[in-house]
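Chemist: To start, I am sharing the structure in question, which I have written as C-alpha cells.
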Amino acid sequence: MGRYNNVSISVIRRLPRYHRFLEDLLNKGVHRISSRELAQKMSLTASQIRQDLNCFGGFGQQGYGYNIDALYAEIGKILGLDKGIKCVLIGAGHLGTAIGRHIPYESYGFNLVGVFDADPRVVGGELRGLTIKHTDEIENFCKLYNPKMAILCIPKDTTLEVVDRLYNCGVFGYWNFTQVDLQLFYDDIVVQDIHLGDGVMTLCYLMNEHGIPGEER
C-alpha cells in the first residue's frame, strides 16, 4: 500500500500543476513564495493550496512562506519523478512517433526502453535512439527488460490482444491513447486514459456555453 492512499485523486491531479508552476518560478530566479502569491499565479485560493500540501505533511512556515527549491523537490519525490520506471511505446505511427519524440520521459519518472509496431514498413526504423521492433517480440523483450508501463498508440481493434500480452508479462501501468476503456477488462491495472476526441467534444461544449458562435450544419 502507498503512503498517500487516503489523498483524494483531485489533489493528486493538481500536483503536476504545482510542480510545473514551481519550476517556472525557479527558472525566473524566484526561491520563496507565500501561499497567497502562489494562489494568485495559479488561480486557486491560498486555503486550497495549504489544504493540498498539508495532505503530504505541509511545507510552509508562518511568516516565511514556501521555500520553492525544497517544495519543488518534495513534490517531485511524491510524484515519483525520480523512479525511472521502464516503459515501452506500442505503436509508432504518427501519434506514437510524436509522443515518442517530444515527451521528456526522464523528467516525468519514466525511462523509455522499447518501441514496437506491427507495420513492416516501420519496423527496423529508429525512434528516440531505439530500434523499432515488431510486436511479435514483445514477450521476449519483456523477459529481458521487465518494463512496468506501456504507452498505447494502436488501433482499437488490436488493443485488448496487445494489452493481454503485456499484462501477462507483468505490465500493470498504461498511458492509454486508444478508445478502449481498459479498466472494464482489468481491475488491477493503473491507467491514465487520454481520449483525444472526448477532450475536443468537451471544448466544443464549453465554447457553446460561452456563447462563441459556430455554423449550423
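The values are calculated or read from the model by the stated rules, or taken from the named source; none is laboratory data. Here the structure is a predicted model, which is why all the values come from computation and not from measurement. Neighbour counts are summed over all protein chains in view; Cβ atoms, including those assigned to glycine, are modelled from backbone coordinates with ideal geometry.
Chemist: I'd like the residue in segment 84-99 that is surrounded by 12 or more Cβ atoms within 10 Å (Cβ to Cβ) and free of Cβ contacts under 8 Å to residues at least 40 places away in the same chain and, out of all such residues, is farthest from LYS156 (Cα to Cα). Explain how you work it out, then say what you get.
Modeler: So in segment 84-99, the residues surrounded by 12 or more Cβ atoms within 10 Å (Cβ to Cβ) come out as 84-93, 95-97, 99.
Adding the requirement that they be free of Cβ contacts under 8 Å to residues at least 40 places away in the same chain leaves 84, 97.
Values: GLY84: 28, THR97: 18 Å.
My answer is GLY84.
Chemist: Still on this structure: Can you confirm whether THR131 is in a helix (DSSP H, G or I), in the same structural domain as LEU89 (by TED's automatic domain parsing), β-branched (Val, Ile, Thr) and surrounded by fewer than 20 Cβ atoms within 10 Å (Cβ to Cβ)?
Modeler: Spelling it out, it is not the case that THR131 is in a helix (DSSP H, G or I), in the same structural domain as LEU89 (by TED's automatic domain parsing), β-branched (Val, Ile, Thr) and surrounded by fewer than 20 Cβ atoms within 10 Å (Cβ to Cβ).
Chemist: Here is a further query. Check off (1) in contact with a strand residue (DSSP E or B) (Cβ under 8 Å, 6 or more places away or on another chain); (2) among the charged types (D, E, K, R); (3) surrounded by fewer than 18 Cβ atoms within 10 Å (Cβ to Cβ) for ASP136 and give me the number that stays unchecked.
Modeler: Every listed condition holds for ASP136 apart from (1).
Chemist: I need the full set of residues from segment 182-200 which are more than 21 Å from ALA118 (Cα to Cα) and either of a type in the set (Val, Ile, Thr) or surrounded by 11 or more Cβ atoms within 10 Å (Cβ to Cβ) (or both), in order please.
Modeler: Once the filter is applied, which keeps residues that are more than 21 Å from ALA118 (Cα to Cα) and either of a type in the set (Val, Ile, Thr) or surrounded by 11 or more Cβ atoms within 10 Å (Cβ to Cβ) (or both), segment 182-200 yields GLN183, PHE185, TYR186, ILE189, VAL190, VAL191, GLN192, ASP193, ILE194, HIS195, ASP198, VAL200.
Chemist: Please enumerate the residues belonging to segment 140-159 that are over 21 Å from the mean Cα position of the chain (by Cα), touching a residue at least 24 places away in the same chain (Cβ under 8 Å) and over 23 Å from TYR105 (Cβ atoms).
Modeler: Across segment 140-159, the qualifying residue is only THR158.
Chemist: If we scan segment 166-181, do we find a residue that is in the same structural domain as HIS94 (by TED's automatic domain parsing), surrounded by 14 or more Cβ atoms within 10 Å (Cβ to Cβ) and in a helix (DSSP H, G or I)?
Modeler: Yes, some residue in segment 166-181 is in the same structural domain as HIS94 (by TED's automatic domain parsing), surrounded by 14 or more Cβ atoms within 10 Å (Cβ to Cβ) and in a helix (DSSP H, G or I).
Chemist: Can you pull out the residues in segment 142-164 that are surrounded by fewer than 17 Cβ atoms within 10 Å (Cβ to Cβ) and either under 22 Å from LYS83 (Cβ atoms) or among the basic types (Lys, Arg) (or both)?
Modeler: LYS143, LEU144, TYR145, ASN146, LYS156
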